[in-house]
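Laboratory data are not the source of any read-out in this text; all were calculated from the coordinates shown. All values reported here derive from a predicted model rather than from experimental measurement. Every residue, glycine among them, receives a Cβ derived from its backbone with ideal geometry; neighbour counts consider all protein chains shown.
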Amino acid sequence: MRMRWIVVAAAVLAGCAYKAASSTDTTREVTDRSRVGCLEIGIDRRGDLGNAAVVRYAFENHCAHATSVDLGWASVIGRTAEGSELALVPTKKDSSVTIEPHATGETTLAYPAPAPIGQLCVDIASLAQKTPAQWRCFGDPEAVALR
């Protein structure tokens with residue numbers, strides 16, 4: 001009986017260790033979520049592709065109707081190690097996403113820049129064309145200088 005408990009405990013601990021290790025990969029859930037009207041928007045910065053900052057957007061539509069979001073209209077700011085602040089535009093031409101009522105959706109966009117971006121900020125309210133701004137920032141400009 002005691003051996004069975006040891007095996008169960010070992011299996012649970014192994015599962016927890018796997019979950020902790022896998023939470024650093026690119027399939028992790030978006031955790032920074034905000035509500036704009038009846039649309040819940042989550043943002044997560046992914047690993048850069050060269051000088052392009054990569055952002056994953058996740059949506060949950062709590063509306064009774066389909067909702068469209070054009071990510072090309074999002075206010076996205078990047079900051080370099082030198083202190084430059086740059087307005088960023090995604091490379092993807094069709095950045096519009098439609099989310100059906102009570103459904104979810106997600107997409108990932110790359111934002112090219114002339115220099116590595118240390119801090120990236122997105123105004124979540126701008127995604128739904130709402131005010132006031134709801135800025136979410138990821139990273140630190142000084143971290144780029146340490147690369």
Point to revise | For segment 73-147, convex hull volume per residue from C-alpha positions, Å³ | key: 108 Å³
Point to revise | Among 128-138, 49-59, the order from most to least packed when residues are scored by Cβ within 10 Å on average | key: 49-59, 128-138
Review point. Residue separation times 0.36 nm, minus the C-alpha to C-alpha distance between His102 and Cys38: what's the value?
Key: 22.1 nm
